[in-house]
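Contents: one structure, followed by commentary.
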Number of protein chains: 2
Amino acid sequence: MARLVMKFGGTSVGTVERIKNVAQKVKREVDAGNDVAVVVSAMSGDTNRLIDLVSDVSSIHDAREYDVVVSSGEQVTIGLLSLALQGLGVSARSWLGWQVPVLTNSIHGAARIEDIQCEEIIKRFADNQVAVCAGFQGIGEDNRITTLGRGGSDTSAVALAAALKADRCDIYTDVDGIYTADPRIATKAAKLDKITYEEMLELASLGAKVLQTRSVEMAMKHRVKLQVLSSFEDLPGTMVVDEDDILEHQVVSGVTYTRDEAKVTLQQVADKPGVAALVFGALADAHVNVDMIVQNVSEDGKATDMTFTVGRMDIDRAMDVLDKLKEDVNCKAIVPDPNVVKVSIVGMGMRSHAGVAQTMFAALAEKGINIQVISTSEIKVSVLLAEEYTELAVRTLHSAFELDAP
Amino acid sequence: MARLVMKFGGTSVGTVERIKNVAQKVKREVDAGNDVAVVVSAMSGDTNRLIDLVSDVSSIHDAREYDVVVSSGEQVTIGLLSLALQGLGVSARSWLGWQVPVLTNSIHGAARIEDIQCEEIIKRFADNQVAVCAGFQGIGEDNRITTLGRGGSDTSAVALAAALKADRCDIYTDVDGIYTADPRIATKAAKLDKITYEEMLELASLGAKVLQTRSVEMAMKHRVKLQVLSSFEDLPGTMVVDEDDILEHQVVSGVTYTRDEAKVTLQQVADKPGVAALVFGALADAHVNVDMIVQNVSEDGKATDMTFTVGRMDIDRAMDVLDKLKEDVNCKAIVPDPNVVKVSIVGMGMRSHAGVAQTMFAALAEKGINIQVISTSEIKVSVLLAEEYTELAVRTLHSAFELDAP
């Protein structure tokens, strides 16, 4: 007998039939003698429908009222799933964020969970009652509904698992686990049985869309055993675990990519102190996050190119800021380029293996792929490439690091 | 300066454009210096969509989870209307049932309001903040969302007006007031400027669908001044007021009808004590409400016909019960007839005018309309007719009591 949190995303509860399917999966765990809390998202499409209503009604964006509207989607799903479970003879009760309660700070639209008081849910486990909890939502200090931001239901599930001291948190989704690369691109990609929190965190921030970054951070912090698995097939998924739970680490565990960034180059910037501070200070003031940065050494000590990446969504805002600075930084031209991709390799094994970056660069060079910017951390190497090389680069690196399935 | 409650039904908030129109109406009252609380229903169609989801997901009907699902509709509307108001520069905040709170008993799906604690809303009136409240919902003793049953938003509005000691409760709807008869049938029907609570209550229970019966009862009890008016036109509506606020009462204020009843005749029932108790006892046990009853005097002292009406929705259930009793009551046949209509005349003036029923019966007889059953109270006379006479009877009575507009 174990205590489980099962989380189902919008696609998994997208229709009444799928909600019934979820109820069957929950019933199986209950029948096996487990205490079960379920966390669900809104039915797929519902949240977008609600967001469209909000933007149609007014250009004013009051995040408090936005939260009131969009949080209604999960309310529908928890009621329906509770009814579906009762229809199978399973005792079930729904819980909204304010009912549990899931206490958050008051940053509406992007709230952070501060505490989950789940004594009542635990008490009802004794009567074999399943708790069906609304993901994505909580209650702020002022008794107002808050939401956690897109994908927040993963975080809700992990936080609830931590609060319940659950033995495992199963994240059911439309893929059956974490792969060594996106299988739509790398047909030889293999499903991983296990991956460490650290690797998962890098993969999530570098483009793998299976789990929300914040949920992985939280799982790592509270040592919640996560499993990513399919809502539609009965297969074991990928366990996200402690480093110690994996006996031997691959040098590289996965190859990932993201098209969410855009490149900006300031050509022939004056090579003098203070220019970088001026540029990045102004971008920060405009809430534009800068990710990768490279500055070439100037040949004549007078001028040099400066290149960096920003979120692709932010490129227009960034250009507005930079155009105003053009004279101050005294550069020849400011050239935006949205047609770039960031491809990354991630692996705990890198820490003890030299030459990983070298292998990466050589493999790409052999295919004639030019690297525009590089950034590294202890367990990842990322490179910025022209977007057209995305698939080739992912497949090349997948083979180069011997990840191809036999 | 006054304190107002404005209530808008599902049709009035059925689209984003209509919500913006509602915001304009609210702004006008705020600009006039009034304190305003708004009560809204779900966008039209939304509640039915949610009810369909509930019935699709399971045949189990847990009223608590039903309430969780269907109450989400109003949550969407209050958020959207608050945003629309803010877009017009009007300070506004949304309030769910549990936030006000609107305290109800725990009869889920048909809860009754017990108390509304609106101190915080009143406090915010001082800052010119409009309170946008979800109709139809409250919170039960066990911290669960409750709903008041179909049309409950009218009751929410009146209860809030009573709690706020509002000067008036304006019910905006898709008709522009209370008419002397259904204008689709009686083209000469006229809009009433004023009507008493008592008359409105009879009209609502006898088929006029403009206001929910329970909301009129509550308005009468708490002496809340109600106005029924149009969401789409700028015209004064009908005020529902105290008897004393109307100087001279018409003998008949309105003619109304309902097709919601069905007739059952037990032919040649044994004319002996206990038969009526047996029949109506069994129907009551099966939760079938009986409305009009007539029993003819038997000519030979042995057998007689017994006729009564039940809700048309309940006719199959009633027949099941009666078929089982057939031998006990020893009747010749049990004949159901759903093709009937109940036409009623209502008016405070009846109390002081003799011969009103006589005028009614004579007018119908003159058109060759046979009366099947009669029932009366202090301020109304109802007759059961063959359904095909509905329009003719309504028009005939409308003329007979001099209600036709000039």
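The values are calculated or read from the model by the stated rules, or taken from the named source; none is laboratory data. No experiment lies behind these values; they were computed from the predicted model shown. So basically every Cβ, Gly included, is an ideal-geometry build from the backbone, and we count neighbours across all protein chains shown. The area values use the complete protein model at the heavy-atom level, side chains included, leaving out ligands, DNA and RNA. Shrake-Rupley method; radii C 1.70, N 1.55, O 1.52, S 1.80 Å.
For segment A:3-244, I need the span (max minus min coordinate) of the C-alpha atoms along each principal axis, in Å, sorted largest to smallest.
48, 42, 34
Provide the convex hull volume over Cα atoms per residue for chain A, in Å³.
So the per-residue Cα hull volume is 161 Å³.
What are the label-to-label distances in nm, one decimal and shortest first, from A:ALA386 to the same spot in the other copies, with labels 7 Å along Cα to Cβ?
Its label point is 8.8 nm from the equivalent points in the other copies.
Are there GluC sites (Glu not before Pro) in segment B:93-153 that DSSP marks as loop and that have at most 12 other Cβ atoms within 10 Å, and which are they?
B:GLU141
Using a 1.4 angstrom probe, figure out how much accessible area segment A:45-138 has per residue, in square angstrom, rounded to the nearest whole.
33 Å²
So how much accessible surface do B and A hide from each other in total, probe 1.4 Å, in square angstrom to the nearest 100?
3600 Å²
Once all Cα-Cα distances of the protein assembly as shown are split into 10 Å bins that start at 0, what whole-number percent is in each one?
2, 11, 16, 18, 17, 13, 9, 6, 4, 2, 1, 0, 0
Taking a 1.4 Å probe, which of B:VAL329, B:VAL210 shows the most accessible area, and what order do the others take after it?
B:VAL210, B:VAL329
I want the local charge near A:LYS380. Using Cβ-Cβ distances under 12 Å, sum +1 for each Lys or Arg and -1 for each Asp or Glu among the other residues.
-2
Please list, by residue number, every one of the trypsin sites (Lys or Arg not before Pro) in segment B:287-359 that is coil in DSSP and has at most 16 other beta-carbon atoms within 10 Å. Present the calculation step by step, with values, prior to reporting the outcome.
Details: sites: B:LYS302, B:ARG312, B:ARG317, B:LYS324, B:LYS326, B:LYS332, B:LYS342, B:ARG351; in loops: B:LYS302, B:LYS332.
Passing both the DSSP loop test and the Cβ count: B:LYS302, B:LYS332.
By DSSP, what percent of the beta bridges with both residues in the protein assembly as shown are antiparallel, rounded to the nearest 5?
Among the beta bridges of the protein assembly as shown, antiparallel pairing accounts for roughly 60 percent.
Using each residue's phi in segment B:51-58, evaluate 6.51 cos²θ - 1.76 cosθ + 1.60 at θ = phi - 60° and report the 3J(HN,Hα) Karplus result to the nearest Hz, with x for Gly and Pro.
In residue order, the calculated couplings are 5, 4, 4, 4, 6, 5, 7, 6 Hz.
Considering every pair of different Cα atoms, what Kirkwood radius, in Å, is found for segment B:212-304?
Evaluated over segment B:212-304, this radius sits at 18.4 Å.
Which value, in Å² rounded to 10, gives the accessible area of A:LEU192 with a 1.4 Å probe and all protein chains present?
A:LEU192 has an accessible surface of roughly 30 Å² with all protein chains in place.
Taking the full set of protein chains and a 1.4 angstrom probe, give the accessible area of B:ASP337 in square angstrom, rounded to the nearest 10.
Roughly 40 Å² of B:ASP337 is accessible to a 1.4 Å probe.
What shape does segment B:1-124 take by its C-alpha gyration tensor, where a ≥ b ≥ c are the square roots of the eigenvalues and a/c under 1.5 counts as rounded, a/b above b/c as prolate, and the rest as oblate?
Cα axes put segment B:1-124 in the oblate bin.
For B:HIS398, A:HIS353, give the ranking by accessible area with the largest first, probe 1.4 Å.
A:HIS353, B:HIS398
How far, in whole Å, is the nearest Cβ of chain B from the axis relating it by rotation to chain A, and which residue carries it?
Looking at chain B's Cβ atoms against the axis toward A, the nearest is B:SER72, 2.
Using a 1.4 Å probe, what is the accessible area per residue for segment A:248-400, in Å²?
Normalised by residue count, the accessible surface of segment A:248-400 is 50 Å².
State, as an integer percentage, the relative contact order of segment B:3-174 based on alpha-carbon contacts under 8 Å between residues 6 or more apart.
31 percent
What does DSSP give for chain A in terms of the percent of beta bridges that are antiparallel, rounded to the nearest 5? Display every interim value, and only then the final one.
Working: 44 of 72 bridges.
So the antiparallel bridges in chain A amount to around 60 percent.
Leaving out ligands, DNA and RNA, and with a 1.4 Å probe, what % of the accessible surface on the protein assembly as shown is carbon or sulfur?
48 percent
Around B:ASN48, under 13 Å between beta carbons, what's the net of Lys plus Arg minus Asp minus Glu among the other residues?
-1
Counting Lys and Arg as +1 and Asp and Glu as -1, what is the net charge of the other residues whose Cβ lies under 9 Å from the Cβ of B:THR396?
Within the 9 Å Cβ shell, the charges total +1.
Whose amide H sits under 5 Å from the amide H of A:ASP271, counting only residues 5 or more places off or on another chain, with H placed in the peptide plane?
Here the answer is A:ALA303, A:THR304, since their amide H atoms fall under 5 Å of that of A:ASP271.
GluC sites (Glu not before Pro), restricted to segment B:227-299: which are DSSP loop and have at most 14 other Cβ atoms within 10 Å?
B:GLU233, B:GLU248, B:GLU299
How much of the DSSP beta bridge set in segment A:3-244 is antiparallel, as a percent to the nearest 5?
Details: 10 of 38 bridges.
DSSP beta bridges in segment A:3-244 are roughly 25 percent antiparallel.
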